[in-house]
Amino acid sequence: MENLDKLKKEALQLIEKAKSLPSLKELEVKFLGRKGQLTTLLRDLKNLPENKRKRAGQDLNILKTELENTFSKKEKTLEKTDMEANLSKEFFDTTYPGAERQTGAIHILSQTQKEVEDIFSQMGFMIVDGPEIESEYYNFEGLNIPADHPARDMQDTFFIEGKPDRKQGRLVLRTHTSPNQVRAMEKYGAPLRMIVPGRVFRNEATDARHEHTFHQVEGMLIDKEISIATLKGIMKEFLSRLFGKEVEVRFRPGYFPFVEPGMELDFSCLLCNGKGCRVCKKTGWVEFMGAGMTHEHVLRAGGVDPKKYQGWAFGFGLERLVMMRYGINDIRYFQGGDLRFINQFK
Ligand code: FA5
């Protein structure tokens with residue numbers, strides 16, 4: 001027991017004094033290692049008379065645990081001091097410019113689509129989605145464009161191979177968002193107030209204003225006593241809110257088989273404030289979208305009674321809107337993948 005007390009005292013003192021991790025490790029080997037002092041005592045227990053062996057064993061084990069705990073506490077303290085010492089040795093220039101992190105961003109078309117959705121939702125329109133692969137029926141027939149109608153040539157498209165369905169016809173990549181007029185009336189009935197933003201496809205020779213894949217926003221309002229005046233008011237309000245300044249709109253006659261009468265809507269050129277410039281071809285107006293009062297045939301296809309309800313619909317190109325807003329002179333930049341273009345809109 002006396003030896004044990006001495007050993008304990010010595011060990012605790014040495015641990016306390018240890019100044020570095022290697023010297024602490026040496027001490028640990030000295031006392032608790034395979035040939036260490038405490039281990040040797042434990043091994044020699046068997047030489048003690050039986051009546052003393054149990055007590056001595058207990059005492060030795062208590063001391064072993066105590067030393068182990070003290071070693072690990074001291075180890076932690078030394079580690080911390082080491083780290084602090086290293087840090088104070090390092091020179092850290094807080095004025096050095098940081099490394100720029102490359103971050104992703106939302107595409108300008110998606111950003112604008114979100115703004116369009118927000119403005120229309122504030123005016124009570126719901127946001128509807130529809131399939132990009134459409135049936136010939138919804139893309140054409142339901143919209144009063146039968147197979148032999150010359151208006152089909154206005155929107156040449158890509159057909160999907162496969163057997164045509166007896167009622168729905170073949171599958172096509174939708175040429176416009178208008179198929180959702182009939183789809184939404186079938187699903188939600190009348191009255192109805194909705195917009196459908198989405199990607200559309202055309203078999204088109206591309207140029208600065210035409211893409212084969214672009215985005216449209218369809219709009220439809222069906223209710224009682226609805227007239228073109230409501231459409232004019234809503235579009236004027238929408239454009240003024242989007243551009244943050246008063247925008248004038250005007251109608252011109254236009255032909256689409258699914259509206260009667262049909263028209264196109266122009267808005268006053270925002271680049272020259274209607275004075276006439278290169279972009280608006282000196283007219284002061286920019287062509288914006290197709291629209292009109294919904295044709296009876298389309299209302300009926302959607303299960304809505306034309307004697308009870310009227311409505312209007314419109315469809316505009318999202319790319320053309322963004323081009324006007326930011327003065328972009330070629331539509332092909334949107335899908336070109338050039339980061340110098342994309343990153344301007346972060
Ligand atoms: C239509 O697609 C009709 N569905 C619009 C409509 C809806 C009329 C509801 C009546 C009622 P149009 O083919 O004109 O119409 O296209 C509408 C808009 O899409 C155009 O004004 C233009 O902004 C945009 N657009 C058309 N073709 C292209 C193209 N190849 N590339 C980029 N934008 C295009």
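The values are calculated or read from the model by the stated rules, or taken from the named source; none is laboratory data. Small disclaimer: the values here were computed from a predicted structure and weren't measured. Here the Cβ is made from the backbone with ideal geometry for all residues, glycine too, and neighbour counts use every protein chain on show. Please note that ligands, DNA and RNA were not included when accessible areas were found on the heavy atoms of the full protein model with its side chains. Shrake-Rupley method; radii C 1.70, N 1.55, O 1.52, S 1.80 Å.
With a Förster radius of 22 Å applied to the C-beta separation of GLU50 and LEU4, the computed FRET efficiency comes to 0.70. Placing R0 at 41 angstrom, the Cβ-Cβ distance between LYS73 and ALA105 gives a FRET efficiency of 0.20 after rounding to 0.05. Note on segment 112-147 and segment 18-90: Cα centroid distance 77 Å, given to the nearest whole angstrom.
State which stretch of the chain is the longest one without any exposed chymotrypsin sites (Phe, Trp or Tyr not before Pro), exposure meaning a DSSP loop state and at most 10 other Cβ atoms within 10 Å. By the stated rule (loop sites, at most 10 other Cβ atoms within 10 Å), 93-346.
Note that the chain shows a convex hull volume over its alpha carbon atoms of 319 Å³ per residue.
Simple spin-label estimate for LYS114 and CYS272 gives 3.5 nm between the two label positions (7 Å along the Cα-to-Cβ direction from each Cα). Normalised by residue number, the volume inside the convex hull of the Cα atoms of segment 150-220 is 120 Å³ per residue. Accessible surface area normalised per residue over segment 2-89 is 77 Å², counting heavy atoms of protein chains with a 1.4 Å rolling probe. Dividing the helix sum by the residues of the chain, where each DSSP H run of 4 or more adds -39500 (n - 2.57), gives a mean residue ellipticity at 222 nm of -13000 deg cm²/dmol.
In this structure the amide hydrogen of THR157, modeled in the peptide plane, comes within under 5 Å of the amide hydrogens of ASN203, none closer than 5 places in sequence on its chain. The mean sequence distance of close C-alpha pairs (under 8 Å, at least 6 residues apart), as a share of the length of segment 1-148, puts its relative contact order at 18 percent. A straight chain from TYR96 to GLN13 at 0.36 nm per residue would run longer than the Cα-Cα distance by 25.2 nm. Using C-alpha pairs under 8 Å with a sequence gap of at least 6, the mean separation divided by the residue count of the chain gives a relative contact order of 14 percent. Here LYS224 is the anchor, and the lysines within straight C-alpha reach of less than 23 Å, apart from those fewer than 8 places off in the same chain, are LYS187, LYS232, LYS236, LYS307, LYS308.
Of the GluC sites (Glu not before Pro) in segment 194-245, which ones lie in a loop per DSSP and count no more than 16 other C-beta atoms within 10 Å? For GluC sites (Glu not before Pro) across segment 194-245 that sit outside H, G, I, E and B with at most 16 neighbouring Cβ atoms in 10 Å, the list reads GLU204, GLU225.
Solvent-accessible area of the chain (1.4 angstrom probe, protein heavy atoms only): carbon and sulfur portion equals 51 percent. Given segment 233-307 reduced to its alpha-carbon atoms as identical point scatterers, what log10 I(q)/I(0) does the Debye formula return at q = 0.12 Å⁻¹? Log-scaled intensity ratios, in q order: -0.43.
Once you divide the Cα radius of gyration of segment 2-89 by 2.2 N^0.38 Å, the number left is 1.30. On a C-alpha basis, how far is the centre of segment 159-184 from the centre of segment 312-343 in Å? Whole number, if you could? For segment 159-184 versus segment 312-343, the Cα centre distance is 26 Å. Database remark: amide H of GLY276 closer than 5 angstrom to the amide H of GLY284 (H placed geometrically; neighbours at sequence offset of 5 or more, or on other chains; Pro and chain starts carry no H). May I ask which of LYS6/LYS73; LYS35/LYS64; LYS35/LYS80; LYS46/LYS74; LYS114/LYS281; LYS9/LYS73 have a Cα-Cα span longer than 23 Å here? Going by Cα-Cα distance, LYS35/LYS80; LYS46/LYS74; LYS114/LYS281 fall outside the 23 Å limit. Rounded to the nearest whole Hz, the Karplus-based 3J(HN,Hα) values (6.51 cos²θ - 1.76 cosθ + 1.60, θ = phi - 60°) of segment 257-264 follow the sequence x, 9, 10, 7, x, x, 7, 10, with x at glycine and proline.
Here is the list for segment 32-125: GluC sites (Glu not before Pro) lying in DSSP coil, each with at most 14 other C-beta atoms within 10 angstrom of its C-beta, are GLU90, GLU100. I need to check one value: relative contact order of segment 8-78, counting alpha carbon pairs closer than 8 Å and at least 6 residues apart, in percent. Result for segment 8-78 is 39 percent.
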